[in-house]
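Novice: Got a structure here, written out as structure tokens. Questions coming.
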Amino acid sequence: AEKLQSQNNMLQMVLKHQLLIEELMRENEKLCQILIEELKVPPSKLQSSFSGSKSPCSECFVCRRKQRKR
């Protein structure tokens, strides 16, 4: 029973973190839109600097989850 409670707590924490990440992603998209549309920052300036040839999208949680579902 103790192990089950521990697993439940861990799953609740993971879900909470996932919701926070999704909220931050939405906020980031809004901020990028403001930078581009209102402050006229070129989109190329907003691209994150990931090392190697991998695109940022191949590394993000959402895309990795979608790839696993395929």
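Novice: Can you compute 3J(HN,Hα) from phi for each residue in segment 41-47, using the Karplus curve 6.51 cos²θ - 1.76 cosθ + 1.60 with θ = phi - 60°, rounded to whole Hz and x for Gly and Pro?
Specialist: Using θ = phi - 60°, the values come out as 7, x, x, 5, 6, 8, 5 Hz.
Novice: Report the net charge of residues surrounding I36, where surrounding means a beta-carbon distance below 14 angstrom and charges are Lys +1, Arg +1, Asp -1, Glu -1. Let's see the in-between values first.
Specialist: On the way: positive: K30, K40, K45; negative: E29, E37, E38.
Within the 14 Å Cβ shell, the charges total 0.
Just so you know, all these numbers are worked out from the coordinates, no wet-lab data involved. No experiment lies behind these values; they were computed from the predicted model shown. Virtual Cβ from ideal backbone geometry, glycine too; neighbours counted across all protein chains shown.
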